[in-house]
Structure formats: C-alpha cells, structure tokens
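This report concerns only the one structure given below.
No value in this document is a laboratory result; all are computed from the given coordinates. Note that the structure is a prediction, hence the values are computed from the model and not measured. Heads up, the Cβs are rebuilt from the backbone with ideal geometry, glycines too, and the neighbour counts pull from every protein chain shown.
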Amino acid sequence: MSDDGDFNLDELDDGSRSGAGDGGPEDAPSHVPERPRSASDLEAVYDIPVQVSAVLGKSHMQVNQLLKLGRGAVVELDRKVGEAIDIYVNNRLVARGEVVVVEERLGVTMTEIIKTDRS
C-alpha cells in the first residue's frame with residue numbers, strides 16, 4: 001500500500017467481498033456509508049440547527065485597551081475594504097463571500113466554497 005491512502009481492491013481480498021463482483025451494494029465494504037443519491041435522502045438532517053457566522057475581520061488587543069473603548073470607538077480589523085469575508089458553519093470555515101444589502105438588512109453572498117480534507 002502507498003502512504004497517501006490509495007489502495008488496490010486486490011489488497012482488500014480478505015473475504016469481505018461477495019463472489020458476484022458486479023459493483024453492487026453487496027460488494028461495498030460494510031464500513032463505508034452509502035452516499036446520498038438525491039435531496040430526499042438528506043431529509044433526516046434538514047431540521048438540525050447549525051450556527052452560521054460571517055466574520056468581517058479580527059483584531060487582537062489587551063484587556064486594558066478593550067476596557068478603554070467607548071461609544072463610537074473604531075476597532076481596526078485585519079481585512080481591507082472589498083476583501084472577502086469568512087463564512088463559518090459550526091466554527092468550521094466553509095466559504096468566503098461578500099457583504100450585500102437585502103431590503104435594508106445585511107446579508108452575505110458566497111463567492112467561494114472552501115473544501116477541506118476530513119481527518
């Protein structure tokens with residue numbers, strides 16, 4: 001086997017595959033979940049609440065500086081005007097986007113989806 005996780009199906013020949021060999025569900029290893037095939041397959045997760053955060057920028061300061069802030073104080077962020085903002089779902093970065101105004105409310109439009117390796 002190689003170090004990057006690639007493998008040959010021949011290396012898995014430990015009797016876990018049936019003799020049919022047609023690639024059907026009975027040939028799939030029992031520990032690999034089947035992928036959803038349509039939106040209706042995901043109905044079980046539709047009602048799960050998630051926290052979505054759009055981060056305009058960040059700033060680091062000492063507590064004494066924080067305590068000196070008053071009404072109208074300006075906190076400089078680490079982003080520039082027009083730079084993409086980060087969009088998090090349950091504290092995991094999932095996308096980048098831009099701030100938009102929707103009927104006098106702020107919104108976010110996604111411009112880039114972030115794909116991360118699951119570990």
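Residue count for the range 66-91, restricted to those that are farther than 11 Å from Val55 by Cβ, loosely packed, with under 12 Cβ neighbours inside 10 Å and in contact (Cβ under 8 Å) with a residue 24 or more places away in the chain: 1.
Quick one: in the range 43-59, of everything that is of a type in the set (A, V, I, L, M) and assigned to a loop (DSSP other than H, G, I, E, B), which residue is nearest to Val89 (Cα to Cα)? Talk me through it step by step, then tell me what you get.
Quick first cut of the range 43-59, residues of a type in the set (A, V, I, L, M) only: 44-45, 48, 50, 52, 54-56.
Cutting the leftovers down to assigned to a loop (DSSP other than H, G, I, E, B) gives us 48, 50, 56.
On the way: Ile48: 12, Val50: 7, Leu56: 15 Å.
Ranking the qualifying residues of the range 43-59, first place goes to Val50.
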